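The values are calculated or read from the model by the stated rules, or taken from the named source; none is laboratory data. The structure presented is a predicted model; accordingly, all values stated were derived computationally and were not measured. Methodologically, a virtual Cβ is constructed for each residue, glycine included, from the backbone with ideal geometry; neighbour enumeration extends over all protein chains shown. Ligands, DNA and RNA are stripped out before the accessible areas are found, and what is left, the full protein with its side chains, is counted by its heavy atoms. Shrake-Rupley method; radii C 1.70, N 1.55, O 1.52, S 1.80 Å.
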Amino acid sequence: MQKNYSDNSLKVSIITVSYNSAATIRDTFESVLSQIYKNIEYIVVDGDSSDDTVKIIKEYEPKFNGRMRWVSEKDDGLYDAMNKGIHMATGDIVGTLNSDDVYPVNDIIATVCDTFKLNLNIQSVYGDVRFVSYEDIKKVVRYIRAKNFKPFRFRFGFMPPHPSFFVYRKAYQEFGVFYTDYHIAADYELLCRFLYKHKLESMYIPMEIVKMRMGGRSTSSIKSNYILNKEIVRACRENGIYTNMFILSFKYLIKIFEFVFIK
């Protein structure tokens, strides 16, 4: 794809939610600053951190030359904080970047915007995600390829990697934001709602969009996996997709290949 680096006509809002993220958030900030696409509004929603996170935010704010907006206050959890960021956003397109994740190369946002501009029928895009060790981001643990995703696969517990998902902001205005009564799978429900129920046109970008450190809530224990699957069943039911816990169990066989056959 030929990237039109000089065309910054689309404004992109990138939302980072943080809480006690001092150990990793510098890497996140640096990866956003490195992007060659400059029409970026960077929104940081901090949950009243007790470590040096806010100090680091203040340190980096001038480096964004007025393109960073941030708030630090108590919230009702991750999805409440993400909703705050969405409501603060003024961009044409909205994406999220966790406070311990990074964009692996400097043309991620340029590629995203070019995809939207060259395909006027699409309303969202997504790509691949690489999971790395929390302690050593050069050590690859898992690679999620989103190439073969189709909406019917929601039934089996699969979705496009949400950290790689970019969508026109008007979709949130029309179809709603994250449901905060989900503990783990609000991102799954939102993608079901957008891509299956409301049939937003999407396109796969064949590249690694985000590098993620391992250690998310949904993979932290057997109990959290059980809660995740119960919420996936609920999300599917609420959006007109039939599934059950037995059907979801087959996804773990497929996920083995994401660990074994690492790109």
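Quick notes on this one:
- Cβ pairs under 9 Å, 6+ apart, first in the stretch 144-159 and closer than 17 Å to residue 243 by Cα and open to solvent by 60 Å² or more (accessible area, probe 1.4 Å), second part of a helix (DSSP H, G or I) and of a type in the set (Ser, Thr, Tyr): 152/196
The rows are residues; the columns are (1) open to solvent by less than 50 Å² (accessible area, probe 1.4 Å); (2) free of Cβ contacts under 8 Å to residues at least 12 places away in the same chain; (3) hydroxyl-bearing (Ser, Thr, Tyr); (4) part of a strand (DSSP E or B).
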| position | (1), (2), (3), (4) |
| --- | --- |
| 116 | yes, no, no, no |
| 121 | no, no, no, no |
| 137 | no, no, no, no |
| 172 | yes, no, yes, no |
| 180 | no, no, yes, no |
| 203 | no, no, no, yes |
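- Those helices (runs of 4 or more DSSP H) of the stretch 1-104 in which at least 3 residues are of a type in the set (A, V, I, L, M, F, W, C) and either open to solvent by less than 10 Å² (accessible area, probe 1.4 Å) or farther than 24 Å from residue 161 by Cβ (or both), considering only elements entirely within it, cover 25-33, 53-60.
- Number of the exception - residue 199 against (1) at pLDDT 95 or above; (2) of a type in the set (Lys, Arg); (3) outside any loop (DSSP other than H, G, I, E, B): (3)
- Residue, most open to solvent (accessible area, probe 1.4 Å), within the stretch 123-135, restricted to residues that are assigned to a loop (DSSP other than H, G, I, E, B) and hydroxyl-bearing (Ser, Thr, Tyr): 134
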